[in-house]
Amino acid sequence: MTNPNDKPDSARINLAVFASGSGSNAEAIIHYSWRTTSAFRVALMVSNNSRCGAMERAMMFDIPTVHLSSTTHPNADEYANALASALQEHQIEMIALAGFMKKLPQEIVQIFSPKGRSRIFNIHPSLLPNFGGHAMYGMNVHKAVIAARESTSGCTVHEVDGEYDTGTIIAQKSVAVLMADTPESLAARVLAFEHELYPDVLQQKALEIQNNIL
Ligand code: GRF
């Protein structure tokens, strides 16, 4: 399936989506990119998991994919070089991490901060800085939110600075935590908000790049 509304490629910012899991955010981003008003196109899917749902979805939408991992590249420098080459080959200008379970090499963060501000973004399923950090991913986040008896959770899009969940916060959406919530029910409700928030932020950032603001 290809984009029915494709504008000339040169008119859009080339975005790479990095994902390791099911890829529902990746798909929301791809769908948004099909709008005639979209300032970005998804030019590449990068994964460390060749069989994940995100890779399957990208292939279904005829988006080029690349699989790079510690299995394909056990040496960290060679991994970083291969990643940089793939991004260069596809003329990537902006990166969206969407459930990507591998830390980005610092070289990549540097390359994508040409004016000192990162053009790499991440979405996290909590209201950062709460419930972020090393072990805070997937269902761990929602379990911790419920265990802490929070009345509100949500999702956050932030700049990526090479550490876990510490970059500048760009946008957040709040979601009420219900008395009856399980980690799974809360995760599902937060995920629906992620699908709305992330493409909107990427659109804003692509416009900033086009206008030489970022
Ligand atoms: C999302 O909850 C996102 O916030 C987190 O990883 C999950 C990815 O989900 N970073 P999906 O693969 O996009 O469905």
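Order the following by accessible area, largest value first: THR166, THR65. Probe radius 1.4 Å; ligands, DNA and RNA are ignored.
On the way: THR166 85, THR65 50 Å².
Per-residue accessible area, sorted high to low, gives THR166, THR65.
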What is the spin-label model distance, in nm, from ASN81 to GLU208 if the labels are put 7 Å beyond Cα along the C-beta direction? 3.3
Quick one: pull the percent of accessible area on the chain belonging to carbon and sulfur, 1.4 Å probe, ligands and nucleic acids left out. 51
Aspartates and glutamates within cross-link reach of LYS115: Cα-Cα under 13 Å, excluding same-chain residues under 8 positions apart? GLU93, GLU208
Defining a contact as two alpha carbons under 8 Å apart and six or more residues distant in sequence, what relative contact order in percent does the range 1-144 show? 24
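Can you tell me the accessible area per residue over the chain, all protein chains present, probe 1.4 angstrom, in square angstrom?
Per-residue accessible area for the chain comes out at 47 Å².
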Tell me the accessible surface of MET59 in square angstrom (1.4 angstrom probe, heavy atoms of protein chains only), to the nearest ten. 110
How many times 2.2 N^0.38 Å is the alpha carbon radius of gyration of the range 9-209? 0.99
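So, counting K/R as plus one and D/E as minus one, what does the shell of residues with Cβ under 14 Å around ASP181 add up to? If you can, show how the numbers build up before the last one.
On the way: positive: LYS143, ARG149, ARG189; negative: GLU150, GLU184.
Its environment carries a net charge of +1.
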If I model the range 13-101 as equal point scatterers sitting on the Cα atoms and use the Debye formula, what is log10 I(q)/I(0) at q = 0.12, 0.13, 0.21 Å⁻¹? -0.32, -0.38, -0.96
Between the range 150-205 and the range 47-113, how far is it from one alpha carbon centroid to the other, in angstrom? 22
Charge dipole of the chain about the Cα centre (unit charges at C-beta), most positive-ward option of ILE146, ILE95, SER24: ILE146
Charge dipole (debye, nearest 20) of the range 9-209; +1 at Cβ of Lys and Arg, -1 at Cβ of Asp and Glu: 240
What list of ³J(HN,Hα) values in whole Hz, one per residue of the range 81-91 in order, does the Karplus curve 6.51 cos²θ - 1.76 cosθ + 1.60 (θ = phi - 60°) give from phi, with Gly and Pro shown as x? 5, 5, 5, 4, 5, 4, 5, 5, 4, 9, 6
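The values are calculated or read from the model by the stated rules, or taken from the named source; none is laboratory data. No experiment lies behind these values; they were computed from the predicted model shown. We place every Cβ from the backbone using ideal geometry, glycine too, and count neighbours over all the protein chains shown. Each accessible area value is taken on the protein alone, full model and side chains, heavy atoms only, with ligands, DNA and RNA left out. Shrake-Rupley method; radii C 1.70, N 1.55, O 1.52, S 1.80 Å.
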